[in-house]
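This report concerns only the one structure given below.
The values are calculated or read from the model by the stated rules, or taken from the named source; none is laboratory data. Please read all numbers here as calculations on a predicted model, not as lab measurements. All Cβ positions, even for glycine, are placed from backbone atoms using ideal geometry, and neighbour counts span all protein chains on display.
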Amino acid sequence: MADIHTLDIDGLRRDELLSRFLDGDLSAGEQADLEEKLANDADLRARLESFKHQDDLIKASFRAKSIDVSPGLFSRLQKDGTQTARSYWRGLAAGIGLAASVIVAITVGVLGLPADLGSENGLEIDTSLAQALSQTPSRAEGWDVLDDERDFRAVLTFPAASGNWCREFMVARSENHWRGVACRHDGSWVTQVMAREVFLEESGGYRAASAADVDQVSRFIDAEAIDVALSAGQEAAIIDANWR
Amino acid sequence: MLKDDKKGQLIDELRALKRFCVSLTGDSADADDLLQLTVERVLERGMPEDAHVAKWSYRVCRNIWLDELRSREVRQRYAAAASATDAMQSGGAGDGFDRLELERVDAAMEGLPEEQRSALLLVAVEGRSYAEVAEILDIPLGTVMSRVARARRSLAEKLE
């Protein structure tokens with residue numbers, strides 16, 4: 001059978017339209033057009049019904065599962081405290097045989113882009129990316145568009161053990177997404193770690209690990225951050241002070 | 001430190017977050033651990049003042065799971081032990097659907113690439129808008145549309 005994901009472009013467009021219709025994502029005009037087509041096309045109606053049935057099955061499947069939340073977790077949230085969090089995570093990291101310190105040593109030692117992330121993938125700290133890192137406040141949602149049409153988001157700012165300010169950020173171009181951390185170094189932004197964010201192939205297979213994986217980003221922050229992320233006000237003050 | 005109002009919002013979100021954990025891990029015990037780690041991570045690091053608690057927490061949860069997937073290579077382990085998910089069934093079908101039919105959709109969902117499964121769960125089960133899913137998964141809106149449609153398309157093929 002042909003691979004429908006790569007060959008049946010019209011079918012994919014049709015299914016995307018039906019999906020958006022089901023999820024209430026179509027504009028009024030798009031919805032009216034589709035409703036007209038549905039009225040005259042039995043196959044299209046059948047396809048829509050099959051999608052609806054699938055959704056009902058998925059919902060029922062999750063309802064049939066036990067989705068209990070440990071009462072201890074509610075208590076944990078109602079109380080305060082971060083005293084166990086770091087040790088809990090460290091314990092897990094050790095348990096899976098990945099010593100965070102080793103990974104961080106490799107990553108920090110690069111002090112620039114990892115060798116397999118050259119300029120061809122658009123992730124070099126070029127002028128526009130450096131400018132965005134210097135001037136863009138962190139945000140939980142939305143994207144800024146750089147000059148070369150890459151999508152950019154500053155995620156958070158934190159003080160590193162080195163005494164420098166560091167920023168976690170995201171860069172996206174088409175289906176490719178990267179997450180990284182850059183830190184101030186002698187008045188410039190220097191990449192500390194960079195990782196692709198998409199791991200799983202379309203087939204469901206597992207893509208081989210690259211030299212810089214997204215888990216390294218989390219572990220870098222775990223290891224290097226000496227305090228929680230700056231608040232919006234604190235970050236604005238640092239931006240105004242040009243990161244001094 | 002997470003502020004009290006955000007803690008309250010996180011408590012309200014715990015069951016939906018647990019469903020997301022189940023969807024990601026396919027295993028009840030792992031889902032419990034993932035939820036625990038997510039809460040610990042959020043408490044430890046806090047979040048920006050303007051962050052939406054649910055969206056931020058989903059994102060943290062997914063990132064932790066991707067870290068864990070890579071580290072433990074659980075994907076291969078689960079492929080070899082797919083029957084373990086039977087333990088998650090609470091017994092009996094739901095909403096009048098045939099148990100066998102639910103098991104088939106479960107298996108089909110597990111066979112989806114993670115990025116498609118997450119997007120579809122958030123839209124079809126949690127009722128999130130495409131814009132919200134784009135924020136949670138940190139992907140452009142067009143990618144959400146594509147992933148949800150591809151997920152439904154793949155499921156339709158598998159369930160035919």
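Name the residues in the stretch B:130-153 that are facing chain A (nearest Cβ under 7 Å), over 14 Å from the mean Cα position of the chain (by Cα) and at negative phi, would you?
B:Y130, B:E135, B:I139, B:P140, B:T143, B:M145, B:S146, B:A149, B:R150, B:R152, B:R153
Identify all residues within the stretch A:9-46 that are within 30 Å of B:D106 (Cβ to Cβ), under 32 Å from the mean Cα position of the chain (by Cα), of a type outside the set (A, V, I, L, M, F, W, C) and surrounded by 13 or more Cβ atoms within 10 Å (Cβ to Cβ); write none if there are none.
Within the stretch A:9-46, A:G11, A:R14, A:D15, A:E16, A:S19, A:R20, A:D23, A:D25 qualify.
Within the stretch B:1-39, work out how many residues are facing chain A (nearest Cβ under 8 Å), of a type in the set (K, R) and free of Cβ contacts under 8 Å to residues at least 60 places away in the same chain.
Residues in the stretch B:1-39 being facing chain A (nearest Cβ under 8 Å), of a type in the set (K, R) and free of Cβ contacts under 8 Å to residues at least 60 places away in the same chain: 3 in total.
Residue check: is A:L77 of a type in the set (A, V, I, L, M, F, W, C), at pLDDT below 70, surrounded by 15 or more Cβ atoms within 10 Å (Cβ to Cβ) and more than 30 Å from A:L17 (Cα to Cα)?
no
Please go through the stretch B:101-114 and pick out each residue that is more than 15 Å from A:K59 (Cα to Cα) and modelled with pLDDT under 85.
B:E114
Would you call B:S90 among the hydroxyl-bearing types (S, T, Y) and at pLDDT below 75?
So B:S90 passes the test.
Hey, among the residues in the stretch B:139-160 that are surrounded by 22 or more Cβ atoms within 10 Å (Cβ to Cβ) and touching a residue at least 40 places away in the same chain (Cβ under 8 Å), which one's farthest from B:A108 (Cα to Cα)?
B:S154
Kindly list, by first and then second residue, each pair from a residue in the stretch A:13-33 that is at positive phi and facing another protein chain (nearest Cβ under 9 Å) to a residue that is of a type outside the set (A, V, I, L, M, F, W, C) and surrounded by 20 or more Cβ atoms within 10 Å (Cβ to Cβ), limited to pairs with Cβ atoms under 8 Å and residues at least 6 apart or on different chains.
Partner pairs satisfying both residue conditions: none exist.
Can you find, within the stretch B:49-59, the residue that is nearest to B:E132 (Cα to Cα) among those that are buried (at least 20 other Cβ atoms within 10 Å of the Cβ) and facing chain A (nearest Cβ under 10 Å)?
B:K55
Within the stretch B:34-52, how many residues are within 21 Å of B:V22 (Cα to Cα) and either of a type in the set (S, T, Y) or not in a helix (DSSP H, G or I) (or both)?
Looking only at that region, the number is 1.
Please go through the stretch B:118-149 and give me each residue that is within 24 Å of B:D27 (Cα to Cα) and either in contact with an Asp or Glu (Cβ under 8 Å, 6 or more places away or on another chain) or among the β-branched types (V, I, T) (or both), ordered by number.
Listed by number, the residues that qualify are B:L122, B:V123, B:A124, B:V125, B:V133, B:I136, B:L137, B:R147, B:V148.
How about the stretch A:135-152: which of its residues are surrounded by fewer than 21 Cβ atoms within 10 Å (Cβ to Cβ) and over 19 Å from A:A237 (Cα atoms)?
The answer is A:E141, A:G142, A:W143, A:D144, A:V145, A:L146, A:D147, A:D148, A:E149, A:D151, A:F152.
Residues that are over 22 Å from B:V133 (Cβ atoms) and not charged (D, E, K, R): does the stretch B:20-34 have at least one? Break it down into steps so the answer makes sense when it comes.
From the stretch B:20-34, those over 22 Å from B:V133 (Cβ atoms) are B:27-30, B:32-33; that's our starting set.
From what is left, the residues that are not charged (D, E, K, R) are B:28-29.
So far as the stretch B:20-34 goes, yes, one or more of its residues are over 22 Å from B:V133 (Cβ atoms) and not charged (D, E, K, R).
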